[in-house]
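This report refers to the structure that appears directly beneath it.
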Amino acid sequence: MTTFIIRRLITMVLLLIVVSMVTFGIFFLIPRLAGQNSYELAAQYVGRNPTKAAIMQMEAKLGLNQPLIVQYGHFLKGIVAGQYYNSGTARTWCGPPCFGYSFRTQQPVWPQMMNALPVTASLAIGASVLWLVGGVAVGVLSALKRGTVFDRLSMGTALAGVSLPIFFTGQVALLLFSYKWQIFPNVQYVPITESVQYWFSNMVLPWVTLAFLYAALYARLTRAGMLETMGEDFIRTARAKGLPERIVVTRHGLRAAVTPILTIFGMDLGLLLGGAVLTETTFSFPGLGQFTIQAINNQDLPEIMGVVMLASFFIVLANTVVDILYAVVDPRVRTA
Amino acid sequence: MRRLRSVSVAASALAIGLVLAACGNIGSGGSSGSGGSNETYNAGATSVVNPSSHKGGTLTFALKNTPDSLDPGNMYYAWEIDFVRLYGTTLTTYKSCPGACSNKLVPGIATGLGTSSDNGLTWTYHIKKGLKFSDGEPITAADVKYAVERTYDRSVLPTGPTYFQSLLQDSSYPGPYKDPHGNLSSVTTPNPYEIQFHLAKPFPDFNYVVALPQTVPVPPDKDKGSTGGANYQKDPVSSGPYEFQSYQVNSKLTLVPNPHWTPNEDPQAKQLASKIELTMNVNANDIDNRLMAGDLDIDAYGAGVQAAARAKILSSPSLKNNADDGFANRLWYIYLNTKVSPMNNVHCRQAVEYAANKKDLQTAQGGPVAGGPIASTVLLPNEAGYDKNLDLYQAKSDPGGNITKAKQELAACGQSSGFHVGAAYRTDNPEEVSAATALKASLARVGITLDLHGYPTGSYYTNFAGVPNYVHQHDLGIDFGGWVPDWPDGYGMLDDILNGNAIASAGNTNVSEVNNPEINNLLQDSTSQTSTPAQRASDYAKVDQITMQQAYILPEVYSHELDYRNPDVTNVYSDQAYGMYNYAVMGVSNSSSSSSGS
Amino acid sequence: MALSRWCQLSPCGILSVGAIRYGDDNVRYAVDMDWWLRVAVTVDPSPGQHGLPADAGLTSAETAIEGRSLGQIAWRRLRRDKIAMGSGVFIVFLVLVAVLGPHFVANPDVYHANLINPTFSRPNGPWGGISLAHPLGVEPVNGRDMLARVVDGTQYSLLIGFLATVLAVVIGVVLGIVAGYFGGWVDTVIGFAMNVFLAFPLLVFAIALVGVVPSSAWGMSGNFLRVVLLIFVIGFFAWPYMGRIIRGQVLSLREREFVDAARSIGARGPYILFRELLPNLVAPILVYSTLLIPTNILFEAALDYLGVGLIPPTPSWGQMLSDAVSNGFYQIDPMYMVIPGLAIFITVMAFNLFGDGLRDALDPRAR
């Protein structure tokens, strides 16, 4: 088991390194393929009417004129060992994990991401509880009441749920519940540290919107899983033993059907933690998704790298955790 | 422009089409408007709404995005220049009064406006004695000199204007961070309360230059170590009525009264509210809704409400009474490039001028109220030299466009069947996207096909439309733009966008690449030491006329905006100098609740 | 669900379960893909029987119909599924709208300033200015005909959704077969590539890529370049999921007796690949592709919504939605948002329903 975990962790680090290399390479190359040289790249961070000297100063300061390998080396070193940053008046130490300083705002990237993370985390964690409970409950009930009106209705809704773009449902929710009926007026992110009550009331719409999409998917998956499980031999055995149907469903059926759901859940959560771009855009929440969009619009390489690495980290971490948990549950995996 | 210092006229007279001939004759000096409850539509354009000297309460601002920086040496947005006065005072500043009177320059921390000597090459300012920073230290000329010096290091403070570098001698000075022992020889301090600027050539508008926030004094010993340089914006030493209590970068700023400030430091500012909060990254539509609900005091960005709020405000009499239709003193226009074929032929450019449907462009920019009146000149109506009769392409009398004339010009250009040309616009500006598609639709009527190329605002001038090579390679003969002069006169309006000497290889703002000797000479002439205001006005009028004749620029609208004022806020009025409400004099009334739930 | 069983068969790396995840985007598969994983381990096609995999799980009614190929069986089942057939007919209708519609509606780029209140920028009259001449009303600001823009938008949505799917399927199938059939280091390399792909926040990448490619490149320009780029970006990011499923299928199929039999009578790689394996992959490819189309349509709409989609004034549903939102227009003219939103919803729903029906029809274990 220990070797299995170690192997998974090594894979995880390896993946992150490859992801960082590819990301860095792509964002290094794209503007250059589009015909911009490092001088022109630097020009966009020097304001209006810059002199040549000013642009070249900025080019040198941001290290844009260095070869790809050198720039990447600095980046890696910053994450692993930290780096010094020249704020003009002092060499400031930026401890690991140092994702560098934003080209545009000259602020360290890491604290900015840490400011944005609670927004995304509030969104992702709250919504995930909702969709897991809601989705699984509806899925199980549908499976048990297969063919009934409830089943048809809930599966129809679920299909609609996966067919609706979240930026549409989100806006409709805002239009009705916020602007028209004023049930949740002026939705905006309020940190939980500032006011639990306002944090919660402002989160309700985004949570429900996001959860609706996922709940729909989870309901379909759960239903399919339940239907299959309930046809398995061990369920028949349980019933034959004379166990009450309630016990059969919850102890045996649900447990087997829900295990893979939890796997998917872990990975969905990991992915969302890296930034819920569309939901955050729709509700104007200053989370990692918004941060990403701004970073891309500004071609701010340190910010892009930071947020891509953080998002990848969450995805890879979630997968590793899921794999390890799976190995705990099912020893056969370990031998693979 | 990405960074614009906005100088705005909000006079209702302009809103209904009257025109101010010149700005100089209106500075009548009344420091407050009519008293009493005067909350009516457009009241804030000409008078102080809700005048009060009540102290206390929290004034809440919200911003739709994030600032480039709050460092006075590193900002260029109009709202930042308005807002910085809460914690910094410049050498000269604009008079705090409603209407056109606010275009008047008055002393800030200087005892008077600057005087020029040495054939206009030296400008001298005297600093008021006894002024103190928020840390209790005295403010001296050396602090102003240092503030100017540090802006020379563009790798640390990249954002502000570059007038000092281009006007002063010793343009190669690297700034105090790279050269701690040197100093900027073109700025001298003969004594602790006198500062002199030594110019490379005369510049009559220099008093306007030192009104920009780069002259907010910065004590050298506070711009050191880990809290200096790029980090100075986190807690700048204040020379204004308020000081930083806390600033979570790009998220939330809290200001509290500066105990060492006296009205003598800046007679144009007030210290009324006991706390000022600025929340960043708030959705623009939510800002409008919270303003109208009374939960928020001011939209910091100051560019007017969104379309949804506009409809609500204008259709509700009670809301409308709290709104002002402000003239933002900005021109929205389209550069017609003179190097890209076939736009290098004046007839092809004129064909575009005739064929464009100005009415559709106006609607795209927000309509007559939130967009502004259709423009037919480059000069804005409040700038000396503006000629309301200059309308060479009948933009006002025939706003739908003249197809016949356009086809004639096309024929004269040798392109009777029309042509293909690229058009650059900013994708993250919804009005500009609408305008670009509107222009495409109207030019299609005469066979001119636009290939639209959208770019992000942040790199529009630095990497795309402002890079002549890029423009040529991509046939960007038509480029959308907007301009707010850095100070309210023709020079501030015309020089950057029409002077041949202003053409740069990146960050170019003369996107038309106009290099017309006549225009260059007129602009040069207007800055000569001997030119009188009347001569200058006539120079600018001529530049305007040549520009329109040669069809270098297709004007869209003299930009307007619809602003909403929360009834709780006191001393509200549109300030022409900033193109928005004056943030330095506001307070909150007794009845005001401190803040919304956040 | 047979996740662990699949892991038994292959080096089960991270991301053992396939379902497209782009974060909160519902650009993801509404299909329980484990069904295919199940097929991969339970199917037992008899040698020489081409067509769809047979299965012991067929119900007695169907096993009784001897002599019918599984294709015929599936078709019979599909025909009986009214919802699936209904949505299939609707998809045909959508395609007709996309191809022929633009000839029957007004010019989508013509401005109707007279239908707009210039002060408010919104259409005159209720419901977004609905009239006989403009059955779905007009857009705020410029008064362009909504019907014409929605119809023209159909064309781009379907085109990009379909071609991106083709791209993803081609790459996924080829690499999946190669990985599964050859195994060894080839499998390891392709498998690692898939894992790297799946570890990226893909939506972010798509935005970034589309956002920075200049308006003319590689001999293409303008909207044509943008359409090609969107197809590439969307298709390219979807292949690993297809690849995974195909790889799993091939892994199980290549050990089957009928493959052994073919090999024993001297069949070589290409023959086995195309004559023995590919026919057995038709069902999953078909179902998966059908369900990939709506996903890609949503993805394209999302990119449009985020401002990196088609270039205006090209009509697109996502862009209409984002226009409606950006200036708050939908608060004063809700139809501007509702109409493109419904267009996306109905189209995606139709493909999902049809895909569901197709899967049920092809599912050997369906009851």
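Read the figures in this text as sums done on the coordinates, not as results from a lab. Remember, predicted model here, so these are calculated numbers, not experimental data. All Cβ positions, glycine included, derive from the backbone under ideal geometry; neighbour counts span all protein chains shown.
Can you pull a Stokes-Einstein diffusion coefficient for the protein assembly as shown at 4 °C (1.567 mPa s), Rh from Kirkwood over Cα pairs, as a whole number of µm²/s?
39
Bin all alpha-carbon pair distances of region B:391-502 at 10 Å intervals from 0 and give each bin's fraction as a whole percent.
Reading the bins upward from 0: 12, 34, 39, 15, 0.
Based on Cβ point charges of +1 for Lys and Arg and -1 for Asp and Glu, what charge dipole magnitude is obtained for region A:114-234 about its Cα centre, in debye rounded to the nearest 20?
My answer is approximately 340 debye.
Taking a threshold of 20 Å on the Cα-Cα distance, which of the pairs B:201/B:542; B:55/B:104; B:358/B:396; B:234/B:275; B:178/B:252 fall above it?
Over 20 Å apart, Cα to Cα: B:201/B:542; B:55/B:104; B:178/B:252.
Place the peptides A:261-268, C:81-88 in order of packing, highest mean first, counting for every residue the other Cβ atoms within 10 Å and averaging per peptide.
Those peptides, ordered most packed to least, come out A:261-268, C:81-88.
Assuming 0.890 mPa s and 25 °C, estimate D for region C:157-216 with Stokes-Einstein, Rh taken as the Kirkwood radius over Cα pairs, in µm²/s.
Calculated translational D: 181 µm²/s.
Going 7 Å from the Cα of residue C:100 in the Cα-to-Cβ direction, what parts of region C:136-155 have a backbone nitrogen less than 20 Å from that spot?
Only C:147-155 fall inside the zone, counting backbone N under 20 Å.
Take every residue in peptide C:116-125, count the Cβ atoms of other chains within 10 Å of its Cβ, and give the average of those counts.
Counting Cβ atoms of other protein chains within 10 Å of each residue's Cβ and averaging gives 6.
Mind checking which helices in chain A clear 24 Å along their axis (Cα) and have mean Kyte-Doolittle hydropathy of 1.6 or more, DSSP H runs only?
TM-like helix candidates: A:2-33, A:301-329.
Let me confirm one metric for peptide A:263-271, namely the mean number of other chain beta-carbon atoms within 10 Å of its residues' beta-carbons.
For this peptide, the per-residue mean of nearby foreign Cβ atoms is 4.
Is there a simple number for the mean count of other chain Cβ atoms within 10 Å of the Cβ of residues in B:452-463, and what is it?
Counting Cβ atoms of other protein chains within 10 Å of each residue's Cβ and averaging gives 6.
What FRET efficiency do you get for residue B:344 and residue A:69 if R0 is 51 Å and r is their Cβ-Cβ distance, rounded to the nearest 0.05?
0.70
For residue A:77, which lysines qualify as cross-link partners when the Cα separation must be under 21 Å and same-chain residues fewer than eight apart are set aside?
Partners found: A:61.
Please compute the modelled spin-label separation between residue C:268 and residue A:77, points set 7 Å along Cα→Cβ, answer in nm with one decimal.
5.5
If you count, for each residue, the other Cβ atoms within 10 Å and average over each peptide, how do C:141-147, B:115-121, B:336-342 line up from highest to lowest?
Per-residue Cβ counts within 10 Å, averaged per peptide and sorted highest first, yield C:141-147, B:336-342, B:115-121.
Ordered by packing density, taken as the mean number of other Cβ atoms within 10 Å over each peptide's residues, highest first, how do A:232-244, C:253-265, A:15-27, C:296-308 rank?
In descending order of packing, they fall as C:296-308, A:15-27, C:253-265, A:232-244.
Distance between the C-alpha centers of region C:122-141 and region B:431-456? Whole Å please.
One Cα centre to the other: 23 Å.
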